[in-house]
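Down below is the structure, laid out as structure tokens.
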Amino acid sequence: MRSRFGLPVAVALLLSAPATFHAQSYHVLKTTLIGGAGGWDYVTVDADAQRIYIPRGTHVQVLDESTHKVVADIPGMKGIHGVAVVPDANRGFVTGNDPKGVIYVFDLKTDKVTSTISTGEEDCDGIMCDPASKRVYVNNGDSMTTTVIDPAAAKVVGTITYAGPLEAAAPDGKGCSSSTWSTAVKLRKSMRRG
């Protein structure tokens, strides 16, 4: 026998569940005022090294994850947006525009820029490292492309073309990534070759 209260109670529980779980799941642990010149874009956390990388337009501030103190400042860059770290290669990669796309390569131990990689693309923006393919992927918004970099060799090994401008990306750990298009809320899943 069905209860006449069963459906309304089930609907009420389902509608209230997201708000209940959301309110209990997240809260601010710590707020830090960093200061310094320049805006910021994509913040990157290297949990293993306990470092936070904050690109600031012309320099990258490196913070200790526990204390939030600035432990390094990497200068000498232009139009930067994001940072990807590749511990196996002891390198970090920063997207920049000088005025065309450039990737600044820095040493993770010394926090010094060691080289640059020209992409020849417009609007180097989002960047990520995919552990499955062992590649760094740079989204070039205005060019509607992704530049593929071999982090061990610090060189471009390919380009992926899309039908719209890209923004951020995230790897799935299996050799694919999802990218957002900056003109709309669209997700594009891309296969990556190693």
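The values are calculated or read from the model by the stated rules, or taken from the named source; none is laboratory data. Just so it is clear, the model here is predicted, and its values are computed rather than measured. Every residue, glycine as well, gets a Cβ built from its backbone with ideal geometry; the counts of neighbours run over all protein chains shown. When the accessible area is computed, the model is the full protein with side chains, heavy atoms only, and any ligands, DNA or RNA have been set aside. Shrake-Rupley method; radii C 1.70, N 1.55, O 1.52, S 1.80 Å.
For the range 58-104, the set of residues classified as part of a loop (DSSP other than H, G, I, E, B), open to solvent by less than 70 Å² (accessible area, probe 1.4 Å) and within 17 Å of residue 138 (Cα to Cα) consists of 77, 79, 80, 81, 82, listed by residue number.
Select from the range 128-141 the residues that are in contact (Cβ under 8 Å) with a residue 60 or more places away in the chain and of a type outside the set (A, V, I, L, M, F, W, C) and write down the one among them that is least open to solvent (accessible area, probe 1.4 Å).
Of the residues in the range 128-141, the ones in contact (Cβ under 8 Å) with a residue 60 or more places away in the chain are 130, 132-134.
After this cut, where a residue has to be of a type outside the set (A, V, I, L, M, F, W, C) as well, the list is 130, 133-134.
On the way: 130: 0, 133: 16, 134: 129 Å².
Once the filter is applied, the top-ranked residue is 130.
When the criteria are applied in full, residue 111 fails the requirement of being in a strand (DSSP E or B), among the charged types (D, E, K, R) and at pLDDT 95 or above. Of the listed requirements (1) in contact with a Gly (Cβ under 6 Å, 6 or more places away or on another chain); (2) open to solvent by 30 Å² or more (accessible area, probe 1.4 Å), residue 125 misses just one: (2). For the range 26-57, what are the residues that are open to solvent by less than 60 Å² (accessible area, probe 1.4 Å), part of a loop (DSSP other than H, G, I, E, B) and under 19 Å from residue 128 (Cα atoms)? Across the range 26-57, the qualifying residues are 41, 42, 49, 56, 57.
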